Each structure stands twice: as structure tokens, then as C-alpha cells.
1. Let's test the formula: R0 of 22 Å, r as the Cβ-Cβ distance of residue 151 and residue 24. What FRET efficiency results, to the nearest 0.05?
2. If I model a spin label at residue 8 and residue 141 as a point 7 Å from the Cα along the Cα→Cβ vector, what separation in nanometres do I get?
3. How much length would be gained if the chain were fully extended between residue 158 and residue 53, taking 0.36 nm per residue of separation minus their Cα-Cα distance, in nm to one decimal?
4. For the stretch 73-130, compute the orientation-averaged projected area of the C-alpha convex hull (one quarter of its surface), in nm².
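Where a number appears in this text, it was derived from the coordinates with a stated rule and is not lab data. Predicted model only: the values in this text are computed from it and were never measured. Here the Cβ positions follow ideal geometry from the backbone for every residue, glycine too, while neighbour counts run over all protein chains shown.
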Amino acid sequence: MPDPLPIAPATPADVPQITAIYNDVIATTTAVFSEAAVTAEDRLAWLREKQAAGLPVLVARDGDVVAGFATYGPFRPWPGFRTSVEHSVHVARSHRRRGLGRRLVQALLDEATAAGLHVMVAGVDGSNAASIALHEALGFTQVGRMPEIATKHGRWLELVFLQRRLGDA
């Protein structure tokens, strides 16, 4: 079995590939509830904002190729939510179904636990059974379903919220 792809903090040099992965996800899936592509300039500003706030942006690299990226940020902007975060993980189409998404989520769980955070939230399209199963296998529990909360590709989407207390096995 080959060694797993290394996961490390993202750099500005990763932004074009992060942008390409994100735009492919926007165009071809319902993992992001948006139909508007982003620019590399948008993603560079996003990366700099995350880094300035002390929030992780991680990439998995396959040689010089960014195979996936992951981050988390505040779940809600109010002070009472300061120990809760929501994550985002996206894997390049060429690297899906290889366990990389699981490794990226686990890396975020480790980062959030080390940062002293309490809860990580995942918001998943209700039709994405694979993502829901992945999160449940990592100890997330479904805590809410919001039917017909968004539209994309001409259909209604359901948002499933899952959460995991950090530091739990």
C-alpha cells in the first residue's frame, strides 16, 4: 500500500489548485450550495483571512498536485459560539474514494482539539449518503435536517447538520 499523501498547511502557491478543486465542486456537485465560481483572487483573500484569524487551511499533496483541502471557521459569529466550528473539506475528483476526505476531516479534528475547541459541525447535502456515512464513522452524530432549505441545479436541497464533541473517541 502506498504511503498516504502528506497533509500540511496551505500556502499562497496552492491557491490556483484550491480554486480549481472548489470550482469543480461548485459546478458538478451539491457539496457547496452555490452556483457561482470563485476566482483565484477570491481564494487568496480567503486564505489570507483564515491565516490572519489563526484558522487552519490544510492541503493534501500528491507530489506537486493539491489533491484536496480542508478548513474550519466559526460556526456562528456570536460570542457564545466561540468554541464551535464548522468545517469544509473538498477533494479533487481524481483523488476521491481513496480515504483522503476522511484523513482531512481527522486532521481538522486534531487541529480543533489542540486549539481547545469544543464542537465541530458538518453541514452536508442530505442526498450525499457517502459524506454522511464518513462523518458518522468519525464520531459525528446527526443533529438536524432542514428540508428544501436551498436550491441548486434546479432542485431543492436538504441540509443535514452533524456534530462531534472534540476530544471524544
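1. On the way: r = 20 Å, r/R0 = 0.91.
It comes out at approximately 0.65.
2. 3.9
3. On the way: separation 105, 0.36 × 105 = 37.80 nm, distance 3.04 nm.
Stretched fully, the residue 158-residue 53 segment lengthens by 34.8 nm.
4. Values: hull surface 18.6 nm².
With every direction weighted equally, the projected area is 4.7 nm².
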